[in-house]
Each structure stands twice: as structure tokens, then as C-alpha cells.
Amino acid sequence: MKFRVVSNLELEIIMERFLSERDLVEQIGLSRVTLWRKVRAGDFPPPRKISQNRKAWLESEVSDWISARPVADAYRSAEELAK
């Protein structure tokens, strides 16, 4: 559980959620093989060991990774491409 101060009088509690490999692959649209290649290359957050035989990813780390992806060129404006 994480806490974040929203204002001087307010405190937001952030519950971390784990994503299984199946859920993760569905959410990010990559194959299992590509996912593990990216993890090994350091291009994707590594999973956490949640039990002896289970690994899962923190949803917040996956969300941060998704947010950090660049916008596809087809959706960029002409001004952005000219920079």
C-alpha cells in the first residue's frame, strides 16, 4: 500500500495491484516472447515474485511504461514532425 499527499488535509491511499502474465499480454498487446525479450533487455519492468511459483507485474509500473511510450508518427501533427 502506498500513500500520497493530495493536499495538506487529504491523504490518498493507493492500493497496488498485480497483473499476471496473461493479463499483461492482453493489456499491452505484445506477445509473451516479446514481453520477455523486453524484460531481459531492460526495456520493460521486471516481474515481482509473489509466491514460489508465481511472478506478476505491478500495475503502476506497467502504467508508467505505457505512459512513457512515444506517440505514433501517424498521430503527430505536422509541427511536431518538423521539429
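The values are calculated or read from the model by the stated rules, or taken from the named source; none is laboratory data. The model shown is predicted, which means the values in this text are computed figures rather than measured ones. A quick note on method: Cβ atoms are made from the backbone with ideal geometry, for glycine too, and the neighbour counts reach across all protein chains shown.
Would you check if residue 43 is modelled with pLDDT of 90 or more and not small (Gly, Ala, Ser)? It is true that residue 43 is modelled with pLDDT of 90 or more and not small (Gly, Ala, Ser). With respect to (1) of a type in the set (A, V, I, L, M, F, W, C); (2) modelled with pLDDT of 90 or more; (3) loosely packed, with under 14 Cβ neighbours inside 10 Å, the lone exception for residue 11 is condition (2). Looking across the stretch 24-48, the residues that are over 12 Å from the mean Cα position of the chain (by Cα), surrounded by 13 or more Cβ atoms within 10 Å (Cβ to Cβ) and over 13 Å from residue 65 (Cβ atoms) come down to 34, 36, 37, 48. In the set (1) at pLDDT below 90; (2) surrounded by 10 or more Cβ atoms within 10 Å (Cβ to Cβ); (3) touching a helix residue (DSSP H, G or I) at 6+ places or on another chain (Cβ under 9 Å), the condition left unmet by residue 62 is number (1).
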